[in-house]
Amino acid sequence: MQENVSTVSSDRCRIGYVTRVQSFSACHRLHSKALSDEENKRIFGKCNNPNGHGHNYNVEITVRGKIDPATGMVLNITDLKEYIEMAIMEPLDHKNLDKDVPYFADVVSTTENVAVFIWDNLLKFLPPNSLYEVKIHETDKNIVVYRGE
């Protein structure tokens with residue numbers, strides 16, 4: 001006896017991953033208040049320039065979850081787009097990270113810490129346990145991945 005394929009597939013819990021890409025521009029200066037000026041210059045080099053420098057960041061946000069049998073979606077992409085707007089674009093785009101974003105007043109604005117900031121902001125909007133990964137392309141050669149660990 002052959003099983004009905006639609007019955008078999010609807011009984012299984014299918015997990016999907018959805019990624020949305022967003023770009024934003026921001027400037028910053030890599031400088032730690034915990035280090036001397038000499039240490040900052042040695043560790044961060046040209047990125048410690050007192051006048052700062054800028055990046056055109058590309059961010060990939062990946063969510064994970066059950067594929068809803070009724071909608072066929074893990075998460076409505078329109079909702080994800082709105083969450084990204086509120087969690088990333090509004091606080092970060094065309095900003096001086098160190099001066100315009102209170103989080104970075106005492107946190108060095110490395111790409112690793114920008115990823116943590118984005119992760120924490122997205123958690124305010126996304127369904128629990130759905131955020132899988134924040135990947136930031138600071139340059140073509142420098143990429144940071146954060147998974148909430």
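Considering only T78, T110, T19, the Gaussian network model of the chain with Cα springs below 10 Å gives its largest mean-square fluctuation to T78.
Using a probe radius of 1.4 Å on heavy atoms only, what accessible surface per residue do you get for the chain? Whole Å² is fine. Kindly include the intermediate steps, with their values, before the conclusion.
Values: 9380 Å² over 149 residues.
I get 63 Å² per residue for the chain.
Could you tell me what percent of the accessible area of the range 73-130 is made up of carbon and sulfur, with a 1.4 Å probe and every protein chain present? With neighbouring chains kept in place, the figure for the range 73-130 is 53 percent. Which pairs break 24 Å Cα to Cα here: K41/K141; K81/K124; K66/K141; K66/K135; K46/K124; K95/K124? Flagged as over cut-off: K66/K141; K46/K124. What is the dipole size for the chain, taken about its Cα centre, with +1 at each Lys and Arg Cβ and -1 at each Asp and Glu Cβ, in debye to the nearest 20? Its charge dipole is roughly 200 debye. GNM on the chain, alpha-carbon springs under 10 angstrom: the most fluctuating residue among S109, S36, S130 is S36. Surface listing: R64, R42, R29, R12 arranged by accessible area from highest to lowest gives R42, R12, R64, R29, probe 1.4 Å. Considering only N129, N113, N48, the mean-square fluctuation computed in a Gaussian network model of the chain, springs between alpha carbons under 10 angstrom, is largest for N129.
What percent does the relative contact order of the chain come to when contacts are Cα pairs within less than 8 Å and at least six residues apart? Each step should come with its number before you reach the end.
Working: 223 pairs, mean separation 41.6, N = 149.
Worked out over the chain, it gives 28 percent.
Taking 37 °C and 0.692 mPa s as conditions, the range 49-149 diffuses translationally at an estimated 225 µm²/s according to Stokes-Einstein applied to its Kirkwood radius (Cα pairs).
The values are calculated or read from the model by the stated rules, or taken from the named source; none is laboratory data. Treat the numbers as computed from the prediction; the structure is a model and nothing was measured. Virtual Cβ from ideal backbone geometry, glycine too; neighbours counted across all protein chains shown. Please note that ligands, DNA and RNA were not included when accessible areas were found on the heavy atoms of the full protein model with its side chains. Shrake-Rupley method; radii C 1.70, N 1.55, O 1.52, S 1.80 Å.
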